[in-house]
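Written out below as structure tokens is the structure these notes cover.
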Amino acid sequence: MLIDGKQISQSLKDEMKVEVENLEKQYGRRPCLMVIIVGDNPASRSYVRGKIKATEYVGMDGHLIELPEDCSEERLLQEIETLNQDQKVDGILVQLPLPKHISEDKVIAAIAAEKDVDGFHPENVARLWLNQPCILPCTPKGILVLLDKAGVEIAGKKAVVVGRSNIVGKPVAKLLLDRNATVTIAHSRTKDLPAVCREADILVAAVGRPQMITADYVKEGAAVIDVGINRVDGHLVGDVDFESVAPKAGAITPVPGGVGPMTITMLMQNTIESYKLRVRKPFGL
Ligand code: GUN
């Protein structure tokens, strides 16, 4: 079975569109996402365009703040502080990576935790691991939605996550653990990685190595989630060798059209959730 992230994402956005319309009627303003990009990395530009386009689709306000490559860290921190204080801003996203002279850690920590719709702020990360209410990072959240929509059972199953990044590997492992999967986090130093992966009922590939996961990594009938977005000879391929793995997998996400669209859709959802918390508090923050 092909897990069609594009279609699932489309139907979720259609639902959000209706919800946003109702929210605007009820509270007199639209949810608002501010996206900051520093410099002109082409991949980053394309990602932020997708994010702004999605805000337009669901009927929210979406604005792009473009800062030059040589923008100082101080200037960026000032921009963030202005958005933190702005009662009409619900979500703030700073597109990563940032130029080397700017500390990503410092910038992420400067975003008000309740507007951190990426879920990258240390407070949100801590809250996730402590089982406290928090904003969940978009890609891991989207992966769980895909598994649920595809009817993949999680409780009691063996999940192997390949990759241990702060953005995907670690948080998706935590979300699978919360759903009572038995979770292994594997990585480049894992011994006999194919054998470890072959144990998985649910295999999440988030390593950033094009087509690394071949059929011999996959148990017959496993659900395979491909988080990779790799540009090879001008086209996109995942971390999974789709052609060899698809016949063996019980369910699999394609690249493009799998996890990617879900990440953006979960960003819209996080912004709406952040908006609701804000408008329902009588005195703003
Ligand atoms: N760069 C690559 N992925 C992401 C993401 O999810 N959020 C941000 N802010 N930057 C990214």
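Surface exposure of the chain, expressed per residue as accessible area with a 1.4 Å probe, stands at 48 Å².
Placing a label point 7 Å from the Cα of Asn22 along the Cα-to-Cβ line, the residues of segment 43-86 whose backbone N sits under 17 Å from it are 58-60.
The phi-based Karplus calculation (6.51 cos²θ - 1.76 cosθ + 1.60; θ = phi - 60°) puts the 3J(HN,Hα) values of segment 172-182 at 5, 4, 5, 5, 5, 4, 4, 8, 6, 7, 9 Hz, whole numbers, x for Gly and Pro. The trypsin sites (Lys or Arg not before Pro) of segment 58-101 that DSSP puts in a loop, and whose beta carbon has at most 15 other beta carbons within 10 Å, are Lys88, Lys100. By the equivalent-ellipsoid construction on the alpha carbon gyration tensor, segment 83-165 comes out with semi-axes of 28, 16, 12 Å, ordered largest to smallest. Here segment 120-223 has an Rg and Dmax of 13.5, 40 Å, counting Cα atoms alone. If you wrap segment 1-142 in the convex hull of its Cα atoms and look at it from every side, the mean projected area works out to 9.9 nm². Over the chain, the reciprocal of the mean inverse Cα-Cα separation, the Kirkwood hydrodynamic radius, stands at 19.6 Å. Remark: the chain carries a charge dipole of roughly 540 debye about the Cα centre, counting +1 on each Lys and Arg Cβ and -1 on each Asp and Glu Cβ. Only protein heavy atoms count here; under a 1.4 Å probe, Arg278 has an accessible surface of about 20 Å². Note on the chain: GNM, Cα springs under 10 Å; of Gln132, Gln211, Gln269, the largest mean-square fluctuation is that of Gln132. How would you classify segment 141-202 from its alpha-carbon gyration tensor, with a ≥ b ≥ c the square roots of the eigenvalues: rounded for a/c under 1.5, else prolate if a/b is greater than b/c, otherwise oblate? Here segment 141-202 falls in the oblate category. Estimated from helices alone, the mean residue ellipticity of the chain at 222 nm is -13000 deg cm²/dmol (sum of -39500 (n - 2.57) over DSSP H runs with n ≥ 4, per residue).
When restricted to Cα atoms, segment 31-89 yields an Rg and a Dmax of 12.2, 33 Å, respectively. Projected onto its three principal axes, the C-alpha set of segment 159-277 covers 46, 37, 27 Å, listed from the longest axis down. A Förster distance of 45 Å, applied to the separation of the beta-carbon atoms of Asp192 and Ser44, puts the FRET efficiency at 0.80.
Shape class of segment 1-59 from the Cα gyration tensor (axes a ≥ b ≥ c, square roots of the eigenvalues): oblate, since a/c reaches 1.5 or more and a/b does not exceed b/c.
To make sure I understand the rule: partners must be lysines, Cα under 17 Å from the Cα of Lys88, and not fewer than 8 residues away in the same chain. Which ones qualify? Straight-distance partners of Lys88: Lys25, Lys115, Lys276, Lys281.
A probe of 1.4 angstrom, applied to the heavy atoms of all protein chains, finds Cys134 with accessible area near 40 square angstrom.
Shown for the chain: the carbon plus sulfur share of the solvent-accessible area, taken with all protein chains present and a 1.4 angstrom probe, equals 52%.
The values are calculated or read from the model by the stated rules, or taken from the named source; none is laboratory data. What you see is a predicted model, and the numbers here were worked out from it, not measured in a lab. All Cβ positions, glycine included, derive from the backbone under ideal geometry; neighbour counts span all protein chains shown. Only protein heavy atoms, including side chains, enter the accessible area calculation; ligands, DNA and RNA are left aside. Shrake-Rupley method; radii C 1.70, N 1.55, O 1.52, S 1.80 Å.
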